[in-house]
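No lab work stands behind these numbers, since they all come straight from the coordinates. In this text, all values refer to a predicted model and were calculated from it rather than measured experimentally. Glycine also receives a Cβ, built like all others from the backbone with ideal geometry; neighbour counts cover every protein chain displayed.
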Amino acid sequence: MISEKMQNAINEQINKEMFSSYLYLSMAAYFERTGLPGAAKWMYVQSGEETGHAMKFFAHIIDRGGKVTLAAIAAPQIDWAGPMAAFKAVYEHEQFISKSITDLYETALVEKDYAAQVLLQWYINEQVEEEKNAVAVIDSMNRIEAHETAVLQLDHQLAKRGK
Ligand code: FEO
């Protein structure tokens, strides 16, 4: 059985993951609106992954006889200054989520919750990927700067993101 403290902390994380999904869906809408369908596709995939992250925590609470408590999801931002600003916002948000995951891990250590620790190790690795993916797009954008043709080529590349 999961402790109430651990359960509550994971419930809060479910909300953060659902917000992440909502945020990236909002970015997908922004990129659709501004004529970059490849970047929109990248965001749709990212949004789906975030729902998956929330559901993995959801299942963990259920599997351990706990109570899932879903809270309201905050409205995300709807406009950004440009593609670079949006991907920088992705990176900043992922850094915030990484900190949140390591805080959860600290809670699992204090609670001596070994099952949660094993679960959270998956998320710690996942956050390395999440930050890396955002930085890779920012790096590409830094190299092409405002060159319109190159932006469209990068958009074509982003459209190839699988899953
Ligand atoms: Fe679920 Fe992007 O962290």
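Worth pointing out:
- When 123, 91 are checked against the criterion of being in a helix (DSSP H, G or I), free of Cβ contacts under 8 Å to residues at least 60 places away in the same chain, under 19 Å from residue 24 (Cβ atoms) and not small (Gly, Ala, Ser), 91 stands alone in meeting it.
- Residue check, residue 27 in a helix (DSSP H, G or I), surrounded by 21 or more Cβ atoms within 10 Å (Cβ to Cβ) and more than 16 Å from the ligand (Cβ to nearest atom): no
- Count of residues meeting criterion [surrounded by 11 or more Cβ atoms within 10 Å (Cβ to Cβ), of a type outside the set (Gly, Ala, Ser) and outside any helix (DSSP H, G or I)] in region 126-163: 2
- Members of region 102-119 that are within 16 Å of the ligand (Cβ to nearest atom), of a type in the set (Ser, Thr, Tyr) and in contact with a helix residue (DSSP H, G or I) (Cβ under 6 Å, 6 or more places away or on another chain): 105
- Considering 75, 85, the condition of being away from the ligand (no atom under 15 Å from the Cβ) and either in contact with a Phe, Trp or Tyr (Cβ under 6 Å, 6 or more places away or on another chain) or in a helix (DSSP H, G or I) (or both) is satisfied by 85 alone.
- Set side by side, the residues 99, 67, 56 differ, and just one is within 13 Å of the ligand (Cβ to nearest atom) and farther than 22 Å from residue 136 by Cα, which is 56.
- Among (1) in a helix (DSSP H, G or I); (2) buried (at least 18 other Cβ atoms within 10 Å of the Cβ); (3) not aromatic (Phe, Trp, Tyr), the one test that residue 52 misses: (2)
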